[in-house]
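Structure first, commentary second.
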Amino acid sequence: MKSTRSPGKMQSLARRIYKSRKYYYLLIPATVYFVIFHYIPIFGVSLAFQKYKIFGPNEWVGLQYFKELFSSPTFYRALRNTLTISALKIIFTFPVPVFLAILMNEMRNKAFAKAVRSVVYLPHFLSWVVITGIFAAILSPVNGLVNEIIRFFGFEPIPFMTSSKHFRGVLVVSEIWRSAGWDSILYTAALMNIDPQLYEAAEIDGASKLSQTLHITIPELARTMITVFILNIGFFMNAGFDQVFNMMNDSVISVADIIDTYAYRIGLIKMNYSYATAVGLFQGVIGLVLVLITNKIAKKYETGSLW
């Protein structure tokens with residue numbers, strides 16, 4: 001079969017790549033990372049269908065571990081927690097970066113806007129270990145700031161970090177605090193591409209700032225918002241291992257144990273590698289299906305899609 005590219009086009013492509021080689025060099029670290037940690041491990045998926053043996057060849061067992069998976073009450077608890085926590089994060093976390101980007105875009109004092117951006121971006125660079133320590137101190141029922149305020153108004157202190165009723169709220173609030181500022185960068189960039197003449201025409205027609213936001217800003221951000229939403233749906237089955245692993249304790253395991261922490265316990269602590277691989281494969285397949293469905297719906301209604 002003959003190549004559809006002519007020699008001239010191939011040479012032209014090679015020249016363009018060589019001309020922009022410095023930019024391609026910047027892709028090397030990210031490419032190496034994804035190849036090592038995301039593509040090479042794909043070959044280990046077959047372990048979900050085999051009984052792992054340290055010595056000797058693995059034994060093929062077919063769907064045995066998936067049958068165990070779907071008959072385990074602990075797995076269904078982890079699945080329910082994963083879906084609940086992910087849904088809460090999307091509902092309450094997704095709009096905040098949009099609001100922040102619009103708010104910072106409306107600031108006329110550039111020095112103040114720059115200071116605000118620095119403050120809201122900073123938490124993104126903190127590890128969940130540090131953030132857990134910060135929230136444990138702030139929410140401490142003994143001398144935490146939040147409970148001191150609660151006592152001031154005459155109420156009993158609340159053990160947020162060990163309360164099954166409040167723990168999911170802590171996860172959502174800490175996620176917003178850490179990621180909202182950084183995620184707003186994408187929307188800030190999208191705001192810069194909006195034609196200023198649209199706002200000028202709206203002002204001439206007497207539109208208020210709220211009307212401009214509702215009828216110009218939000219519609220112009222719609223495609224970016226949909227793209228980000230589709231990408232977030234891809235991680236719907238991943239409720240945040242680092243966050244939950246560091247914040248979770250025995251008192252809240254019933255409402256905090258997610259699929260990632262469940263697979264961690266089964267695979268690394270109990271060393272049931274095949275079963276843990278089956279859990280991870282189930283999680284990945286569901287995430288892929290959710291992305292395909294969401295992208296299909298977005299494409300059908302012509303509101304923006306990934307492909």
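The values are calculated or read from the model by the stated rules, or taken from the named source; none is laboratory data. Source: prediction; values computed, not measured. Virtual Cβ from ideal backbone geometry, glycine too; neighbours counted across all protein chains shown.
Scan the range 197-215 for residues that are among the charged types (D, E, K, R), more than 20 Å from PHE99 (Cα to Cα) and in a helix (DSSP H, G or I) and jot them down.
Taking the range 197-215 as the starting set, the residues that turn out to be among the charged types (D, E, K, R) are 200, 203, 205, 209.
From the residues that got through so far, the ones that are more than 20 Å from PHE99 (Cα to Cα) too are 200, 203, 205.
GLU200, GLU203, listed by residue number.
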For the range 48-63, enumerate the residues that are over 30 Å from VAL255 (Cβ atoms) and either part of a helix (DSSP H, G or I) or not aliphatic (A, V, I, L, M) (or both).
-> PHE49, GLN50, LYS51, TYR52, LYS53, PHE55, GLY56, PRO57, ASN58, GLU59, TRP60, GLY62
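Of all residues being small (Gly, Ala, Ser), under 26 Å from the mean Cα position of the chain (by Cα) and buried (at least 20 other Cβ atoms within 10 Å of the Cβ) in the range 267-279, which is farthest from SER46 (Cα to Cα)? Just the residue, please. Full working, then the answer.
Here is the first cut: in the range 267-279, the residues small (Gly, Ala, Ser) are 267, 274, 276, 278.
Among the residues that remain, those that are also under 26 Å from the mean Cα position of the chain (by Cα) are: 267, 276, 278.
Among the residues that remain, those that are also buried (at least 20 other Cβ atoms within 10 Å of the Cβ) are: 276, 278.
Values: ALA276: 12, ALA278: 9 Å.
My answer is ALA276.
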Filtered residue count, the range 55-79, keeping only those that are surrounded by 14 or more Cβ atoms within 10 Å (Cβ to Cβ), within 30 Å of ARG168 (Cβ to Cβ) and among the polar types (S, T, N, Q) = 1
Could we say that THR82 is more than 30 Å from MET225 (Cα to Cα), modelled with pLDDT of 90 or more and either surrounded by 10 or more Cβ atoms within 10 Å (Cβ to Cβ) or among the acidic types (Asp, Glu) (or both) here?
-> no
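If we scan the range 168-189, do we find a residue that is without any contact (Cβ under 8 Å) to a residue 40 or more places away in the chain and more than 26 Å from ASN81 (Cα to Cα)?
The first filter runs over the range 168-189 and keeps only residues without any contact (Cβ under 8 Å) to a residue 40 or more places away in the chain, leaving 169, 173, 189.
Checking which are more than 26 Å from ASN81 (Cα to Cα) leaves us with 189.
Yes, some residue in the range 168-189 is without any contact (Cβ under 8 Å) to a residue 40 or more places away in the chain and more than 26 Å from ASN81 (Cα to Cα).
Per-residue answers, yes or no, for (1) at pLDDT 85 or above; (2) among the hydroxyl-bearing types (Ser, Thr, Tyr); (3) under 27 Å from PHE167 (Cβ atoms); (4) surrounded by 17 or more Cβ atoms within 10 Å (Cβ to Cβ):
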| position | (1), (2), (3), (4) |
| --- | --- |
| LEU221 | yes, no, no, yes |
| PHE245 | yes, no, yes, no |
| ILE258 | yes, no, yes, yes |
| VAL285 | yes, no, no, no |
| LYS299 | no, no, no, no |
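For the condition touching a helix residue (DSSP H, G or I) at 6+ places or on another chain (Cβ under 8 Å), aromatic (Phe, Trp, Tyr), surrounded by fewer than 14 Cβ atoms within 10 Å (Cβ to Cβ) and at pLDDT below 90, what is the one hit in TYR39, TYR24, TYR52, TYR18? Spell out the reasoning first.
Numbers: TYR39 fails: touching a helix residue (DSSP H, G or I) at 6+ places or on another chain (Cβ under 8 Å); TYR52 fails: surrounded by fewer than 14 Cβ atoms within 10 Å (Cβ to Cβ); TYR18 fails: touching a helix residue (DSSP H, G or I) at 6+ places or on another chain (Cβ under 8 Å).
Going through TYR39, TYR24, TYR52, TYR18 in turn, just one is touching a helix residue (DSSP H, G or I) at 6+ places or on another chain (Cβ under 8 Å), aromatic (Phe, Trp, Tyr), surrounded by fewer than 14 Cβ atoms within 10 Å (Cβ to Cβ) and at pLDDT below 90: TYR24.
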What number of residues within the range 139-155 are of a type in the set (Gly, Ala, Ser) and either modelled with pLDDT of 95 or more or at negative phi (or both)?
-> 2
Residue satisfying condition, being touching a helix residue (DSSP H, G or I) at 6+ places or on another chain (Cβ under 9 Å) and more than 18 Å from SER86 (Cβ to Cβ), within set ALA256, ALA263, ALA202, ALA222 | ALA202
Considering every residue within the range 148-165, establish whether at least one is touching a Gly at 6+ places or on another chain (Cβ under 9 Å) and under 22 Å from VAL96 (Cα atoms).
-> no
Determine whether ALA115 is of a type in the set (Gly, Ala, Ser), modelled with pLDDT of 90 or more and under 30 Å from ALA190 (Cβ atoms).
-> no
Considering only the range 107-155, how many residues are more than 28 Å from the chain's Cα centre (by Cα), surrounded by 15 or more Cβ atoms within 10 Å (Cβ to Cβ) and assigned to a loop (DSSP other than H, G, I, E, B)?
-> 2
For ARG223, work out the one condition from (1) over 24 Å from THR294 (Cβ atoms); (2) of a type in the set (Lys, Arg); (3) touching a Gly at 6+ places or on another chain (Cβ under 6 Å) it doesn't fulfil.
-> (1)
Looking only at the range 105-132, which residues are free of Cβ contacts under 8 Å to residues at least 24 places away in the same chain and touching a Phe, Trp or Tyr at 6+ places or on another chain (Cβ under 9 Å)?
-> PHE125
Residue list for the range 156-188, filter: among the hydroxyl-bearing types (Ser, Thr, Tyr) and part of a helix (DSSP H, G or I) = THR162, SER174, SER179, SER184, TYR187, THR188
